[in-house]
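S.K.: Dropping the structure in here first, questions after.
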Amino acid sequence: QQPVQSPQAVILREGEDAVINCSSSKALYSVHWYRQKHGEAPVFLMILLKGGEQKGHEKISASFNEKKQQSSLYLTASQLSYSGTYFCGTEISGGFKTIFGAGTRLFVKA
Amino acid sequence: NAGVTQTPKFQVLKTGQSMTLQCAQDMNHNSMYWYRQDPGMGLRLIYYSASEGTTDKGEVPNGYNVSRLNKREFSLRLESAAPSQTSVYFCASTYSADPYEQYFGPGTRLTVT
């Protein structure tokens, strides 16, 4: 039931782009994206809902393919501050049980 | 506006000891959650409280109990700590049942020896 994230880790140079994927074996109601820096709490990035609604920060771009139960997070023109671990969380039905993936570690170097 | 606060920040317990982790939010949120995060793993939901007066099990509830004391506070109790419960515990809150962003507290790092 835990969503699968890929890649597990990625190293970028400043200015490069990256895509982080999240897939589930079950039909999804929503997908959540969070970023966590080392030793800190996760911070909200975006929620994508079944039907196309999105809630989140304007500078973050993501997609949700309901038919494939997949979501992708697009990081463009990466900055050093993008470094951290990115988690996707999925909900099968509206409610409270968000199940998180194992995370994707992103490291941006100068 | 402190957001979500957790106490303590760090705790070391011996096997069999009990303790309560405290969480409070000042954002007038209805729903609150407890997660644990083990090294290299994502967040796993222990218990949640959809609204004041209700609590429900998450993915990994065994060995834990919770109390939604009021709208602001949600505590997590370990009755008899085990080394397998060594983890970082995060409390989170959100406005409602509809998918909304969760606000996380700073975490409690618990070690059980």
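The numbers here are math on the coordinates, done by the rules we state, and not lab data. Predicted model, so just to flag it, every value in this text is computed and none were measured. Every residue, glycine among them, receives a Cβ derived from its backbone with ideal geometry; neighbour counts consider all protein chains shown.
S.K.: Per-residue HN-Hα couplings for the range B:38-53, Karplus 6.51 cos²θ - 1.76 cosθ + 1.60 at θ = phi - 60°, whole Hz, x for Gly and Pro?
M.R.: Rounded to whole hertz, the list is 9, x, x, 10, x, 7, 10, 6, 8, 8, 9, 10, 5, 7, 3, x.
S.K.: Taking amide H atoms as placed 1.01 Å from N in the peptide plane, list the residues 5 or more away in sequence, or in a different chain, whose amide H sits under 5 Å from that of B:VAL66.
M.R.: B:ARG77
S.K.: Can you spot the aspartates and glutamates whose alpha carbon is less than 18 Å from A:LYS109's alpha carbon? Ignore those fewer than 8 places along the same chain.
M.R.: Candidates past the 8-residue exclusion: A:GLU14, A:GLU16, A:ASP17.
S.K.: Positive end of the charge dipole of chain A (Lys, Arg +1 and Asp, Glu -1 on Cβ, about the Cα centre): tell me which of A:LEU45, A:GLY103, A:GLN1 has its Cα farthest that way.
M.R.: Result: A:GLN1, furthest along the dipole toward the positive end.
S.K.: Treating the beta-carbon of each Lys and Arg as +1 and of each Asp and Glu as -1, no other charges, what is the dipole magnitude of the protein assembly as shown about its Cα centre, to the nearest 20 debye?
M.R.: 380 debye
S.K.: Report the one residue of B:ALA92, B:GLY107, B:LEU13 whose Cα lies farthest in the direction of the positive end of the charge dipole of the protein assembly as shown (charges on C-beta: Lys and Arg +1, Asp and Glu -1; origin at the Cα centre).
M.R.: Selected residue: B:LEU13.
S.K.: For every other residue with a beta carbon closer than 12 angstrom to the beta carbon of A:TYR82, add +1 if it is Lys or Arg and -1 if Asp or Glu, then tell me the sum.
M.R.: With Lys, Arg at +1 and Asp, Glu at -1, the neighbours total +3.
S.K.: Using only Cα atoms, figure out Rg for the protein assembly as shown and give it as a multiple of 2.2 N^0.38 Å.
M.R.: Scaled against compact globular proteins, the figure is 1.01.
S.K.: Given the C-alpha centroids of the range A:52-88 and the range B:45-113, what is the distance between them in whole angstrom?
M.R.: 26 Å
S.K.: Turning to a different aspect of this structure: Hey, got the average number of other protein chain Cβ atoms within 10 angstrom for residues in A:99-108?
M.R.: Taking all residues of A:99-108 together, the mean is 3.
S.K.: OK, next. Given a Förster radius of 35 Å and the C-beta distance between A:GLN1 and B:THR54 as r, what FRET efficiency does 1/(1 + (r/R0)^6) yield to the nearest 0.05?
M.R.: My answer for the efficiency is 0.95.
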